[in-house]
Amino acid sequence: MIAFVILAALLQQGGPKSLDVDPGKVQPAIVVPAGTVIPITLTSRVSTKNSKDGDGVYAKTTFPITVNNRIVIPEGSFVRGKISEVRKPGRVKGKGELTLNFQTLVLPSGLTIPIYTSLGGAGGAGERKGEATVQGDSSKGDDAKTVGTDAAAGGLIGVLATRGAKGAAVGGAGGAAVGTAAVLLSRGKDLVLDPGTTIEIVLDRPIEP
């Protein structure tokens, strides 16, 4: 009986009212396009000496990103990622390398957004190699210095021991050999990215904050 009463009341009122929405008042979705450069600064230390594949890497955005004069990624938003490859510097030649993949953006509101990125620059901490790798400096200059210093020391010892040019030559050759051996037994410079290091990441896909 109650159901019939309700039905009759609805019929008298012309049925349920439709929800009319003004299309002009509907805000379009905000999209941060692919290719957008986001500057970030590291909050964790990573290096070819101590880091390993799979370790996390953490950063914050250092500049607000805007779309249509509206801030969509505020300064200070968190960025999380991981190290996908660590390549230690080799002996004699070779540079240390870290491959970084930043995968998550966390806005101050707590909204977590998956992101797909590549590196745009390493801020002077190293050179960009490929899409996601930072490459360290070469140790060739230091290696040459080590060999030269040991050769000079050996030459001086030869002169003092024999007081002659022949002694200097023998001592220099011996010192150079020692320096070369030291270079062969030691690795090059490790790549170190300290907290505060500035890196640019580039969106490979658009996102909707």
remark   = Of all GluC sites (Glu not before Pro) in the range 68-97, the ones in DSSP coil with at most 12 other Cβ atoms within 10 Å are none
note = Computed over the range 53-134, the relative contact order (Cα-Cα under 8 Å, seq sep at least six) in percent reads 23
inquiry  = Need one value: the accessible area of Arg45 in square angstrom, 1.4 angstrom probe, rounded to the nearest 10.
reply    = 130
note = So the carbon and sulfur contribution to the accessible area of the range 40-91, 1.4 Å probe, in percent, is 45
query = How much FRET efficiency would the formula 1/(1 + (r/R0)^6) give for Phe78 and Arg128, where r is the Cβ-Cβ distance and R0 is 22 Å, rounded to 0.05?
reply = 0.45
request  = Would you please give the FRET efficiency between Lys189 and Ala34, computed as 1/(1 + (r/R0)^6) with r the Cβ-Cβ distance and R0 = 30 Å, to the nearest 0.05?
outcome  = 0.30
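The values are calculated or read from the model by the stated rules, or taken from the named source; none is laboratory data. It should be emphasised that the depicted structure is a prediction, and the values quoted were computed from it without experimental measurement. Ideal geometry is used to build each Cβ from the backbone, glycine not excepted, and the neighbour counts take in all protein chains shown. All accessible areas refer to the heavy atoms of the entire protein, side chains included, with ligands and DNA or RNA removed. Shrake-Rupley method; radii C 1.70, N 1.55, O 1.52, S 1.80 Å.
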